[in-house]
Amino acid sequence: MVHSWIRQRWSQLLANTRWNSPWNSPWNSPSVRGLRSSLLLLPLLLCACHLVQPSQQEEYRYSGGAFQFRFTILHRMVGSDGILWRMDPTNCPFDLHKAEQVIESALARWNVPGACSFRRAQQGETATLTIGWRGKNHGRSCVSFGISAEMLAHIAAAPESGDDTPWSIHLNTNLDWTLGKPTSKPTSEPTPAARGLRAIRRIEPQLEKVIVHEAGHILGLGHVPLKSSVMHPVHPEARATPGDLDLDGIHSLYGSAAAAASDDLEICCVDPQGKAHRAAPTIRGVAPAGRVRVHLFDIDDDGKDEMLLLGVGRPTDGSGLLVLDFGSGAVLERTTGPFPGLLGGNLPLAVGCVSNGDRVLAQQPNRPQGGYHAVVFLGQTRQLRALSAGEKWFPLVGGGGDEDGDGELDQEIVGVVEEGLADLDGDGIDELVRRGPADPQP
Ligand SMILES: [Zn+2]
Ligand SMILES: [Zn+2]
């Protein structure tokens, strides 16, 4: 649970793969059908919800920049409402009282009624979160800040943190911290460097803004490359106060009473009369119709279904494939990705597996030379790799398969259904996943 401020570029992961980009291909989708829309399920779906079968050929022609996901999730915090924190005064570069006030006001920006909040631990109370300044190499097991000035802070969990609270925010003591707003003098000036050495920009992190960002991590939010988020990985680029994107992440994790809108995904249980009831926090702002496809299947072979969101259109930073994992009670627990540019939501998707059970995601661009492109989701590391030349795979859902590894599909890819029923928590009972209505009731 640590991070650096260095921007992660998933798009470089498989930069030189052997296939053509699917979004260059003309639209070529047959009507999308898969295993889940069996005759048994269909009547239930029709009566349980207002699923509109989209005219997908119309909806998925979108060719602009792919949807940038508004949040990513590292973990779900138990007891997110009323997190008790304390400041460790060791090495604090400021007047202790002032520093505590700034931290308190930063954490207050995360007070979201019914979802999350922070409170300073009083004498005798057991804190959950320690906030303190640490040197380059602090303790045996916590991540080192090293010699680079790029890493301003990180979060850590006990026992690696070396603190006696379950969670910690460690601030790099080697930097010139400021309490709040940037000073009028320039905050970055090139440091004279010896010939051949790269000049390191001088960084004066603002305590208040860094605490807002790190507290977002404590609450479970990961980085997003969007300047309208406090979770932008680059300090000067990030927003100073949680905005709509960040709150969508918080509400997706910890709930909200607001009705679901059309970009949201409701998670319902279906009663014996076929009526759907909200069963878990609605996933907010992730699936605008026509821009993001919503697939439901078990991508990591853990016995639970995951949500796979796949953006339509030209790849952009923070778009592509996002995998959502759920825990007991079908509550969101983490996301993997997004992986931009590897699969395109404008093409139907087939799911299969290679010999060790890892899942294959395959698509068939409409191109004269034939063939297909495919990636393998590594269940252990949650990374994607390219399907190797000659590698065999077996179809599970949506057609496809290449059981002789000749680079040609054994069956046409017809696609996996969107939305519908899925066992997100692995309890043997399906949840219903659906978009909110286009005109939500007040
Ligand atoms: Zn640390
Ligand atoms: Zn961060």
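Since every read-out is calculated from the coordinates, none of them should be taken as a lab result. All values reported here derive from a predicted model rather than from experimental measurement. For neighbour counting, all protein chains shown are included, and Cβ atoms are generated from backbone atoms with ideal geometry for every residue, glycine included.
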(message) Give me, ordered by chain and number, the residues 5 or more places off ILE413 or on other chains with an amide H under 5 Å from its own placed amide H.
(response) GLY400
(request) May I ask you to list the aspartates and glutamates whose Cα is less than 13 Å away from that of LYS136, ignoring any residue fewer than eight positions away on the same chain? (result) GLU150
(request) Go through 156-169, 309-322 and give me the packing order, highest mean Cβ count within 10 Å leading. (result) 309-322, 156-169
(message) Taking a ≥ b ≥ c as the square roots of the Cα gyration tensor eigenvalues, with a/c under 1.5 meaning rounded and otherwise prolate when a/b beats b/c, else oblate, which class fits the stretch 251-292?
(response) oblate
(message) Tell me the relative contact order for the stretch 195-292 as a rounded percent, counting alpha carbon contacts under 8 Å between residues six or more apart.
(response) 18 percent
(message) Only sites in a loop by DSSP and with at most 11 other Cβ atoms within 10 Å count here; which trypsin sites (Lys or Arg not before Pro) in the stretch 284-383 make the cut?
(response) none
(request) Just tell me which aspartates and glutamates come within less than 14 Å, Cα to Cα, of LYS98; anything on the same chain fewer than 8 places away is out. (result) ASP88, GLU208
(request) Let me know the shape class of the stretch 380-442, please: from the alpha-carbon gyration tensor, a ≥ b ≥ c as square roots of the eigenvalues, rounded when a/c is under 1.5, otherwise prolate if a/b is greater than b/c, or oblate. (result) prolate
(message) Compute the distance from the alpha-carbon center of the stretch 387-433 to that of the stretch 81-121, in whole Å.
(response) 47 Å
(message) Please report the net charge: other residues with Cβ closer than 12 Å to the Cβ of GLU333, K and R +1, D and E -1.
(response) -1
(request) Would you please classify the overall shape of the stretch 271-310 from the alpha carbon gyration tensor, given that a ≥ b ≥ c denote the square roots of the eigenvalues, rounded means a/c under 1.5, and beyond that prolate means a/b larger than b/c while oblate covers the rest? (result) oblate
(message) Just to check I understand the Karplus step: with θ = phi - 60° and J = 6.51 cos²θ - 1.76 cosθ + 1.60, what whole-Hz values come out for the stretch 379-394, glycine and proline as x?
(response) x, 6, 9, 6, 10, 10, 10, 6, 5, 6, 4, x, 6, 8, 8, 10
